[in-house]
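Asker: Please see the structure below; I have some questions.
The values are calculated or read from the model by the stated rules, or taken from the named source; none is laboratory data. This one's a predicted model, so the numbers in the text were calculated from it and none came from an experiment. Positions of Cβ are backbone-derived with ideal geometry, glycine not excepted, and every protein chain shown enters the neighbour counts. The accessibility values were calculated without ligands, DNA or RNA, using every heavy atom of the protein model including side chains. Shrake-Rupley method; radii C 1.70, N 1.55, O 1.52, S 1.80 Å.
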Amino acid sequence: MLEHGGNLRDAALRFGRPVPDWLDLSTGINPQPYPVPDLAPDAWHRLPENDPALALAACAYYNAPLMLPVAGTQAAIQALPRLRLLSNGPSKVVVAAPSYAEHAHHWAQHGHQMRAVPYAGLRTAVDSCDVMVVCNPNNPTGATVPPYCLLSWSQKLAARGGWLVVDEAFGDMTPHISVAPWSDRPGLIVLRSVGKFFGLAGLRLGFVAAQQQMLTTLADQLGPWAVSGPAQQIGRAALTDRTWQHAMRTELLVDGARLHWLLADHDIKAHGSALYQWWSWPQMQAVAFWEHMAQRGIWVRLFEHQACGIRLGLPPHEEGWKRLAQALDDWHTQDKQ
Ligand SMILES: Cc1ncc(COP(=O)(O)O)c(C=O)c1O
């Protein structure tokens with residue numbers, strides 16, 4: 001399995017500091033999760049039949065014609081390469097890079113011919129592949145592709161039986177670049193996650209938007225009871241709670257800008273999304289920063305493979321912001337000496 005952020009137990013073992021003492025900034029998950037409501041007792045007791053109201057709530061929230069609930073976007077990321085293999089055989093696949101590594105990993109594992117292409121090269125690459133996978137906005141860099149580009153690439157691919165997979169797991173703060181409204185077009189598959197903006201990564205809930213035929217095949221492959229009863233009930237509450245969503249969007253915009261400017265104050269030119277900031281650095285400098293933070297009990301995400309750099313999520317409270325600011329001050333002073 002690949003390494004990801006949020007692996008606090010590793011941090012605790014490696015640096016000899018107990019889990020509760022860490023400030024975990026290693027993911028892009030909203031540190032202020034949706035407050036989960038009390039559940040009806042049958043959520044635990046009954047086998048989780050698909051509740052049509054959940055898919056409808058998702059269609060309304062994500063502005064998509066048709067959606068299939070899945071156990072996190074990850075379930076679809078793992079299933080799509082196999083589905084493609086069964087329906088079309090080994091395919092030429094382009095995955096935008098650097099990006100969430102699970103996409104490339106699973107396409108390569110299923111015997112497809114996989115090529116990682118930087119965002120700047122996607123427009124040309126679309127002519128020489130059968131499947132293209134793009135995270136929009138991207139994790140970790142925050143790079144975005146305008147919807148009109150994605151829709152034109154999707155049309156080109158569909159004309160030869162190809163697919164465009166757009167992973168919008170981090171798309172809640174940028175609805176204007178979503179292509180979910182057009183996901184009833186052939187070959188366009190859009191992934192959404194309840195884990196990031198709603199801060200409910202442990203719930204394991206996501207959605208796939210695509211044409212009916214694609215969703216039926218995917219559902220068949222994932223099998224019965226793919227999403228637990230509690231996840232269905234909590235997901236529906238979160239997706240329909242416009243008041244919480246509105247307030248959270250405003251709060252995250254403020255916090256995202258605060259993180260950006262805190263880094264800028266320490267001469268770090270970062271970019272990303274409201275939920276995380278990213279900057280690339282030479283490997284030695286990135287490792288030194290990661291160690292500097294870890295020694296102060298701050299767990300950041302170090303990238304060393306597809307690209308070298310650091311990703312930082314939002315502190316969950318004022319004390320966390322102060323701790324981060326102090327650690328950045330120490331780094332900056334030390335760096336200048
Ligand atoms: C871009 C992207 N897509 C999908 C996922 C998987 O999210 P989940 O399975 O929790 O929906 C992640 C997780 O970090 C991600 O970064």
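Asker: Name every residue in region 42-66 that is in contact with a strand residue (DSSP E or B) (Cβ under 8 Å, 6 or more places away or on another chain), of a type in the set (Gly, Ala, Ser) and under 19 Å from Ser228 (Cα atoms), in order of residue number.
Answerer: Here is the first cut: in region 42-66, the residues in contact with a strand residue (DSSP E or B) (Cβ under 8 Å, 6 or more places away or on another chain) are 50, 54-55, 58-59, 62, 64-66.
Pick out the ones that are also of a type in the set (Gly, Ala, Ser) and you get 55, 58, 64.
Those that are in contact with a strand residue (DSSP E or B) (Cβ under 8 Å, 6 or more places away or on another chain), of a type in the set (Gly, Ala, Ser) and under 19 Å from Ser228 (Cα atoms): Ala55, Ala58.
Asker: Exactly one condition in (1) of a type in the set (Phe, Trp, Tyr); (2) more than 16 Å from the ligand (Cβ to nearest atom); (3) open to solvent by less than 60 Å² (accessible area, probe 1.4 Å) is not met by Trp182; state its number.
Answerer: For Trp182, the failing item is (3).
Conditions (1) touching a Gly at 6+ places or on another chain (Cβ under 9 Å); (2) within 30 Å of Arg242 (Cα to Cα); (3) among the small types (Gly, Ala, Ser), marked per residue:
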{"position": "Leu68", "(1), (2), (3)": "no, yes, no"}
{"position": "Thr73", "(1), (2), (3)": "yes, yes, no"}
{"position": "Leu83", "(1), (2), (3)": "no, no, no"}
{"position": "Ser91", "(1), (2), (3)": "yes, no, yes"}
{"position": "Pro98", "(1), (2), (3)": "yes, no, no"}
{"position": "His105", "(1), (2), (3)": "no, no, no"}
{"position": "Gln109", "(1), (2), (3)": "no, no, no"}
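Asker: Taking the criterion of being under 18 Å from the mean Cα position of the chain (by Cα) and closer than 26 Å to His105 by Cβ, would at least one residue in region 11-23 satisfy it? Walk me through how you get there before you give the answer.
Answerer: Initial filter on region 11-23 (under 18 Å from the mean Cα position of the chain (by Cα)): none.
For region 11-23, residues under 18 Å from the mean Cα position of the chain (by Cα) and closer than 26 Å to His105 by Cβ: absent.
Asker: Could you tell me which of the residues Ala307, Ala286 is open to solvent by less than 40 Å² (accessible area, probe 1.4 Å) and out of contact with any Cys (no Cβ under 8 Å at 6 or more places or on another chain)? So that I can check it myself, show each step before the final result.
Answerer: Values: Ala286 fails: out of contact with any Cys (no Cβ under 8 Å at 6 or more places or on another chain).
The conditions single out Ala307.
Asker: Check region 292-309 and report whether any residue there is β-branched (Val, Ile, Thr), modelled with pLDDT of 95 or more and not in a helix (DSSP H, G or I).
Answerer: Within region 292-309, the subset β-branched (Val, Ile, Thr) is 298, 300.
With the extra rule that they be modelled with pLDDT of 95 or more, the set shrinks to 298, 300.
Still in the running and not in a helix (DSSP H, G or I): 298, 300.
Yes, that holds for at least one residue.
Asker: With the structure loaded, tell me whether Ala11 is in contact (Cβ under 8 Å) with a residue 12 or more places away in the chain, over 22 Å from Ser273 (Cα atoms) and more than 16 Å from the ligand (Cβ to nearest atom) or whether it fails that test. Before the answer, list the steps.
Answerer: Details: in contact (Cβ under 8 Å) with a residue 12 or more places away in the chain: yes; over 22 Å from Ser273 (Cα atoms): yes; more than 16 Å from the ligand (Cβ to nearest atom): yes.
Taking the combined requirement at face value, the residue satisfies it.
Asker: Between a residue in region 245-259 that is in contact (Cβ under 8 Å) with a residue 60 or more places away in the chain and any residue that is assigned to a helix (DSSP H, G or I), which pairs come within a Cβ distance under 7 Å, given they are 6 or more apart or on different chains?
Answerer: Arg249/Met173; Leu252/Met173
Asker: While we're looking at this one, here's another question. Take the residues of region 185-207 that are open to solvent by 10 Å² or more (accessible area, probe 1.4 Å) and more than 27 Å from Tyr34 (Cα to Cα): which is farthest from the ligand (Cβ to nearest atom)?
Answerer: Checked region 185-207; the qualifying residue farthest from the ligand (Cβ to nearest atom) is Pro186.
Asker: Search region 104-125 for residues that are farther than 13 Å from Arg82 by Cα and pair each with any residue that is assigned to a helix (DSSP H, G or I) and open to solvent by 50 Å² or more (accessible area, probe 1.4 Å) when their beta-carbon atoms are under 8 Å apart and the residues are at least 6 apart or on different chains.
Answerer: Met114/Ala108
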